[in-house]
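Mind looking over this structure? Questions follow.
The values are calculated or read from the model by the stated rules, or taken from the named source; none is laboratory data. Everything numeric here is computed off the predicted structure, so don't read it as measured data. Cβ sites come from the backbone with ideal geometry, for glycine too, and all protein chains shown count toward neighbours.
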Amino acid sequence: MNIRYITPFIEATQNAFLELLGSKPEALTPFLVRREEVLDWDISGVIGIAGEARGVVVLSFPRGLAQEITTILTGQMKTSVDDDVIDTVGELVNIIAGNAKRGLEEFKLMISLPSIVQGDSHQIGWPSGSVPIVGIPFTTPQGHFNLSVGLENIITV
Amino acid sequence: MASRFQKVLTNILRSGIQTTLEAEDEIRLLFINSIILVGFLALMVFALRDFFAGDHVYSLVTASLAFIVACLFFFIRWTKLVQVGLWFLPFLMAAFYGYLAASGGAGTSGALWSFSYPLVAIFLLGYRRGGLFTIGYVVFLGIVLFVPQLTPAWNMELDFKIRTIGTYVVISIFVVEFEYIRLQAQREIERGRKELAKTTDALLAEKSQTDGILHNIREGIFLVDEHLRIVGRHSDSLTQILDLDDETSWDFSTYFDGKLPEKEVQSLRDYLMMFFQSQVRPELLQTINPLETIKITTPRGRLKTLAFTFAAIKLEGRRFILASVRDDTLTAELNQKLKEEEDKAARQMRHLFQIIHVRPELLVQFLEDATDEIADINRRLKANSLQAQDDLMEAFYQGVHAVKGNAALIGLTSFSERVHDLENLVKDWRGKSPDWREILTLTIELSKIQAELEEIQALIQRMSTFQKEMANNTEPQDLVVMTVERAVQRLTAETGVQATLDLKDFVTDNLPSGHRKLVKDILVQFIRNSFVHGLEPAEERQARQKPLTGKIKIICQDRGPFLSISYQDDGRGLDPGRLRQTAIKKSLKNWDTRPDHEILALIFENGFSTAAEVSVHAGRGVGLGLVKTRVEASGGKVSVRSASGQGIAFDIELPKG
Amino acid sequence: MPMRILIVDDSRIMRNIVKNTLLSLKYPADVFTEAADGEEAFSILEKSEISLLLLDWNMPNLNGLELVKRLRSLEKFQNLPIIMVTSEAAKYNIIEAVKAGVTDYLVKPVNEKSLQEKIRNALEGTNV
C-alpha cells in the first residue's frame, strides 16, 4: 500500500462531491481498520483493485447521508434507503472510480466496476490474508462518510 | 397444360425411365424412342396407303413391321433394356431397307430409304459398331444391286445403281465423321463436368473445413486491411473475446480508444501501419508488438488479459494483417495467484526465521502488548477526528517506541527495525499538529506493521501445537523474571558491560496480571539505561575501586494496597551539575534553578537526554518519560534517588487494585 | 570498402562499453569512430563513409531520434544500417524509433549476443 495509490481516490471523491453537491468534503484523521471489524455504515460501494497492488477501495455512507445526497440530486425527498438511493450511491461511486482510474494508469493499477453492499452491519470483502487497511473519515455539511483502502503490494520490493 | 404435355412426352421418350442416365445413354434412349415413334407412324401411313392402293402384300409387310416396332417400344418400356432396342433396330431396318431396295419399290425409289440407314445404325450403335453395320449393309446393297438376276433391283440403270452406292458411301462417311466428332465433344464436356464437380467438391470440403476451424477455434482470428478495419471472415470467438456486437466492419484501432492511454493507441496505429508500408524486418516487428499482452476492460466491463499476434500476408496482390487474439485472463489470474502464494510463502519464511528462536510465551506476550499499543494509538486517531488532541503525535510516538523496544528485546530484530523506521517518521511530528494528509502516511505505515503482526500471529497459531509440546517440558516460568533476565543478557552481549542481577527479593506472586506488562516495560527501561548510561566499563570501575562486575538489584514487595518496586544499580548515578548544564543548554525553564535533590527528577522529562548517540536501545530521551507517564496513568508514583558516582535507584509505587 | 562503425552516445562510459563489447566480438580496433552528440555524428557521417551507426536516444544537440529522421530524409543515408542502443524500453518508444526508420533496436544493458546478431542482420541488407 502506497499513498500514491490512495490520493487519486481522495481527489476523485472530493471533486465528485464538489461538483455534484457543491461542497468539498473535509478529511479528518486517518485510522486503522481491522479486517473483521464490522463497520457501522449502511451502504458501501466497493471498488476492486488489481495489478501491482491488490485489494479494494470502499466508500461507506450512513443512511442519512445517502438519503440526503439522493434528495439533493433527484429532487425527491428520501426517507429510506430505496432503489433510488442505492442507484445514486452506485452512480456516485462509479464517477469516483472513473476519475481515479486516470491517476492509477501509471502505476499499472486496474480498477473494476464498483459493487454496492448494504444492510446493517455489512461485511466488506477485504482481500484474504493480513492486508493493511486504512480508513479516512470525511465530513460534509450533510454528514460523515468514510473512504477505506485495503491494499497489499504484489511485487515485493 | 403445356407442361403436362411435356411431362407425358418426356415419359414416352424416356421409356418411363426416371433415373438420370449418362449423357450417351440418354441421347441414345431418346433417339431410339424417337425413331420408333416416327418409324411407327411412317410405317402405318405407308401401310394404309399401300392397302388403299391395292398393294396388299406391301401393306401387310409394312403393317407387320409397324407392329414389330410397336412391340419393341413396349418391350423396351417394360424391361428397360434399352440395349436390346439399340441392337435390334439396325438389324430390323437393314432387313426392311434391304427388302425395299431389292424390291425396287415405286420407281426403284425403294433404295432411297437405304440412305437413312447409316444415320440410324451409327447414331444408335456408335461409329464403330454402327460403322460395321453400315459396311455390312452396303455390301448387302451391293449384292442386291449388282448380282445378276438376284433381285428386281438388278434391273435398274447402272448409273442409278452406282449413284445409289456412291451416295450411300458419302453419307456414311459424313455420318461416321460427325458421330466421331460429336463423341469427342461429348467426352470433352463430360470430362469438363467431372473436373468441375471434383473442384467444386474440393472447394466445398475446404470451405467446410475452414468453417469448422472458424467456428470452433478458441482464438479470435481476423484480417485487418490498410485502413485498419477488420474485413472478411473472422472466427466466431472473436466477438466473444472482445465483447463486441457482431459488426462486420469496424476500425481495429478505435477499439482501444479509452481503454489505453492515448499515446499507446497512437503508437499501436503506427505499429500496424508498418505492416503495410515499410521495410521493417519481420523479426523486429514481432519483438515490438505493443499488444503482446495487455490488460483492458472490455465494452461489457470485464477486465481481461489479451494476447495479440500480427503477421503480414498477401491475398490477391493486396496486403493484409493476419491477426489473432487469445484470452489469457485465466492464465494471468492463475499466475497472479501463484505469485501471491509465492510472496506469501516468502514472507512467512522470513517471519518464521525471525520468530523461531524466540520463546513462545514471550512472543505471545509481545503480540498482545503490541496489539494493545496499536489499538491505543488507533483510539487516539479516531478520537482526534471528533476533537483535536494536542498530544496525539506524542502518544503515537510513545506507542510505537514501546513496540519497537519490545520487539528488539525479544529478538525480532528486523521487525523492530521496520518499527524504528516508522518511529523516525513520527518523531518529526512530536509536539506538532500535522494535517490529515501527513497523518495518512503515518497511518499507512502503521497499518502495514499491524498487518505484519497479524501475519506473525497467524503463523504462531499454526505453530502453537508444535510449541505446546516443547513448552510442556520446561518448568513454568515467571514472565517478568524471564524478561528481566533476558534483557540483561542481551544488553551484556551488546554493550560488553558485565553485571549481575539480584532478584532475591523480587517477589511477583502478587503482581496483578494487568500490571505485568507495565512492570516488565519499566524494568527493561531501567536496565537499558543502566547498561548504556549507568554502568561503567571495567577500567573505569576499577579506577573507582568498584567490583569489576556491576550490580543490579530489583526488589518487589507487597505493601497491602500497594506494590512497592525498587530498582537500583551501582553505576555512575546522576550528576546534578551535569543535569543542570543540560537544562540550561536545552533552555528548560524552571529546572536550572532547582536544588540538587529536585533536579534529579529532570530525567523524567520528555525530550531530555544527555546521550550523544541515538541508538536503537536508548538515547531517545523518551524512555523514562514514558515510564513516568505510564506509572502515573495507572495511579502510581515513581521517584529517583542517586549518589553521583555510586549508583541510581528508582522507587515505584503501584496500586494493586 | 572497409567497414567503419560510428558509435554515438553522450556518455563516454557507454561508448566504451559498446566498443568493448564489439572488440570482444573480434571487431578490429580501427573500425570504430565515436561522437558525443547528434550534430557531431551528422558531420562525421557527411564526411566519411560509415557502414553502421550505433546510437543512443537521449543526447544534447540533436537527440538520436531526430538524427535518425534527418538521415532518412536524405537519399545518401536511406540505406544506412542504424541500430539504436538506448535505455528507453517502453514499447511505444521503440515503435516511434522504428517509425522514424531505425533498422533495429537494442535496450540497455547491452547483451553481447543480441548486439552481434542485430549487427549481422543490419549489415546483410547492405552487402558489406
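Given the condition surrounded by 18 or more Cβ atoms within 10 Å (Cβ to Cβ) and closer than 25 Å to B:G166 by Cβ, answer yes or no: does some residue in region B:69-89 qualify?
no
Looking at (1) modelled with pLDDT of 85 or more; (2) touching a Phe, Trp or Tyr at 6+ places or on another chain (Cβ under 9 Å); (3) surrounded by 17 or more Cβ atoms within 10 Å (Cβ to Cβ), can you tell me which one B:E177 breaks?
(3)
Which residues, counting only those in region B:600-628, are under 23 Å from B:S564 (Cα atoms) and modelled with pLDDT under 85?
Result: B:L600, B:A601, B:L602, B:I603, B:F604, B:E605, B:G623, B:L624, B:G625, B:L626.
Take A:G129 and decide whether it is part of a helix (DSSP H, G or I), within 14 Å of chain B (Cβ to nearest Cβ), touching a residue at least 12 places away in the same chain (Cβ under 8 Å) and more than 25 Å from B:D435 (Cβ to Cβ).
Judged against the criteria, A:G129 is not a match.
Mind checking which residues of region B:234-266 are over 24 Å from the mean Cα position of the chain (by Cα) and within 13 Å of chain C (Cβ to nearest Cβ)?
Matches in region B:234-266: B:E262, B:K263, B:Q266.
Go through the residues of region B:355-368 one by one and say whether even a single one is part of a helix (DSSP H, G or I) and within 14 Å of another protein chain (Cβ to nearest Cβ).
Yes, that holds for at least one residue.
What about B:L65, is it in a helix (DSSP H, G or I) and assigned by TED's automatic domain parsing to the domain that holds B:R182?
Yes: the conditions hold for B:L65.
Take region B:111-133 and flag every residue that is closer than 17 Å to B:A66 by Cα and modelled with pLDDT under 85.
The answer is B:W113, and nothing else.
Name the residues in region C:49-97 that are in contact (Cβ under 8 Å) with a residue 60 or more places away in the chain and in contact with a Pro (Cβ under 8 Å, 6 or more places away or on another chain), would you?
C:S51, C:L52
A further question follows. Listed residues B:L306, B:L291; which is within 23 Å of the chain's Cα centre (by Cα), assigned by TED's automatic domain parsing to the domain that holds B:V231 and assigned to a strand (DSSP E or B)? Outline the logic, then answer.
Numbers: B:L291 fails: assigned to a strand (DSSP E or B).
The conditions single out B:L306.
Sticking with this one: Only one residue in C:T86, C:T103 is surrounded by 13 or more Cβ atoms within 10 Å (Cβ to Cβ) and modelled with pLDDT under 85. Which one?
C:T86
Would you please name the residue that is farthest from the other protein chains (Cβ to nearest Cβ), looking only at residues in region A:29-42 that are in contact with a Phe, Trp or Tyr (Cβ under 7 Å, 6 or more places away or on another chain) and either over 16 Å from B:L453 (Cβ atoms) or aliphatic (A, V, I, L, M) (or both)? Can you show your working first?
Filtering region A:29-42 down to residues in contact with a Phe, Trp or Tyr (Cβ under 7 Å, 6 or more places away or on another chain) leaves A:29-30, A:35, A:41-42.
So of that shortlist, the ones also either over 16 Å from B:L453 (Cβ atoms) or aliphatic (A, V, I, L, M) (or both) come out as A:29-30, A:41-42.
Values: A:T29: 4, A:P30: 4, A:W41: 14, A:D42: 19 Å.
Of everything passing the filter in region A:29-42, A:D42 is farthest from the other protein chains (Cβ to nearest Cβ).
Also, I was wondering about something else. Out of all the residues in region B:144-162, is one or more in the same structural domain as B:E22 (by TED's automatic domain parsing) and closer than 30 Å to B:L21 by Cβ?
No, that holds for no residue.
Being in a helix (DSSP H, G or I), closer than 30 Å to B:I189 by Cβ and of a type in the set (A, V, I, L, M, F, W, C) narrows it down to one of B:F74, B:F88, B:F46, B:F40, so name that one.
The conditions single out B:F88.
Taking B:L479, is it at pLDDT below 85, farther than 29 Å from A:P137 by Cα and in contact with a Cys (Cβ under 8 Å, 6 or more places away or on another chain)?
no
Next question. Of the residues B:V176, B:V169, which single one is in a helix (DSSP H, G or I), assigned by TED's automatic domain parsing to the domain that holds B:G126 and touching a helix residue (DSSP H, G or I) at 6+ places or on another chain (Cβ under 6 Å)?
Details: B:V169 fails: touching a helix residue (DSSP H, G or I) at 6+ places or on another chain (Cβ under 6 Å).
Of the residues listed, the single one that is in a helix (DSSP H, G or I), assigned by TED's automatic domain parsing to the domain that holds B:G126 and touching a helix residue (DSSP H, G or I) at 6+ places or on another chain (Cβ under 6 Å) is B:V176.
Find the residue count for region B:291-304, including only residues that are at the interface with chain A (Cβ under 10 Å from one of its Cβ atoms), in contact with an Asp or Glu (Cβ under 9 Å, 6 or more places away or on another chain) and crowded, with 17+ Cβ neighbours inside 10 Å.
Selection size over region B:291-304: 0.
The rows are residues; the columns are (1) over 16 Å from A:I6 (Cα atoms); (2) touching a strand residue (DSSP E or B) at 6+ places or on another chain (Cβ under 7 Å); (3) touching a residue at least 12 places away in the same chain (Cβ under 8 Å); (4) away from every other protein chain (no Cβ under 14 Å).
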{"position": "A:A27", "(1), (2), (3), (4)": "no, yes, yes, no"}
{"position": "A:S44", "(1), (2), (3), (4)": "yes, yes, yes, yes"}
{"position": "A:S60", "(1), (2), (3), (4)": "no, yes, yes, yes"}
{"position": "A:V81", "(1), (2), (3), (4)": "yes, yes, yes, yes"}
{"position": "A:V85", "(1), (2), (3), (4)": "yes, no, yes, yes"}
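A follow-up question, please. What pairs can you find where one residue is in region B:429-444 and within 15 Å of A:N2 (Cβ to Cβ), the other is acidic (D, E), and their Cβ atoms are less than 9 Å apart, with a gap of 6+ or different chains?
Note: no pairs meet the criteria.
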